[in-house]
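Accompanying notes for the structure given below.
The values are calculated or read from the model by the stated rules, or taken from the named source; none is laboratory data. This structure is a prediction, so every number in the text was calculated from the model and none was measured. As a convention, Cβ positions derive from the backbone with ideal geometry for all residues, glycine included, and neighbour counts pool all protein chains shown.
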Amino acid sequence: MPSILSDPPPVLYLILAVALAVTGAIAAKRQDRKSAIPFGIAVLLLLLVFLIDRLYDSPREEAVRRLTEMGAAANAKNPDAFIKQVADKVSVQTDASQTKVATRDELKKSGFWELLRQFRVTVSVSGFSRDDVKVIDDNTIELGFIAKAEADGKTIPVYMRATFGKQPDGSFKLTALKAFEFIDRTKVFSIPSFP
């Protein structure tokens, strides 16, 4: 399904709403069948776009949903729910010059989970903007977002870049993750004990 239909930009809805209002005003003024046809077409187009938007997830929407579920899993300290959103292997940038490739099992057994439990860390994710999405190709999408960790009254915001790749089953799962300082998004932020 083309992204323009499965993930329509707000401007498409605006254009269709304006077309609906204009053709509706003309049909109401003239009150004849010839004027009602364009109004009916506008209604059908708006309904069609709305239904496709609701029934089909675009790669961006699926990535946002998976990141939201990963954030909820991290907040619940549930590694099993977290790794369901991850590909068999995921590349994690550990510092400015190193990247580590970890398996799902390594992520599940990471000391990160014990750290979250020990310090009772609250995790949240937000800031999923359409402007911060990079479609690399039909099978790969990268998006930026904000992750926050809160413990003992302190909040640590982190800017993150997540790459999702299309899997053999057709779903998009996390294949790479990079964390950066919130203010200076060029400086890599190392997530303690992850992976």
Here's a check for you: in region 100-112, which residue that is under 23 Å from the mean Cα position of the chain (by Cα) and without any contact (Cβ under 8 Å) to a residue 40 or more places away in the chain is nearest to Asn75 (Cα to Cα)? Lys108
Elements of type strands (runs of 3 or more DSSP E) in region 121-195, at least 2 residues being under 19 Å from Lys84 (Cα atoms) and assigned by TED's automatic domain parsing to the domain that holds Ala73: 122-126, 140-151, 154-166, 172-181
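Can you tell me which residue among Ala21, Ala28 is farther than 23 Å from Glu142 by Cα, small (Gly, Ala, Ser) and at pLDDT 95 or above?
Result of the check over Ala21, Ala28: Ala21.
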Which condition from (1) part of a loop (DSSP other than H, G, I, E, B); (2) exposed (fewer than 15 other Cβ atoms within 10 Å of the Cβ) is the one that Asp80 breaks? (1)
Positions within region 137-180 being in contact (Cβ under 8 Å) with a residue 60 or more places away in the chain and touching a helix residue (DSSP H, G or I) at 6+ places or on another chain (Cβ under 8 Å), in sequence order: Ile141, Leu143, Phe145, Ala147, Ala162, Phe164, Lys166, Ser171, Phe172, Lys173, Leu174
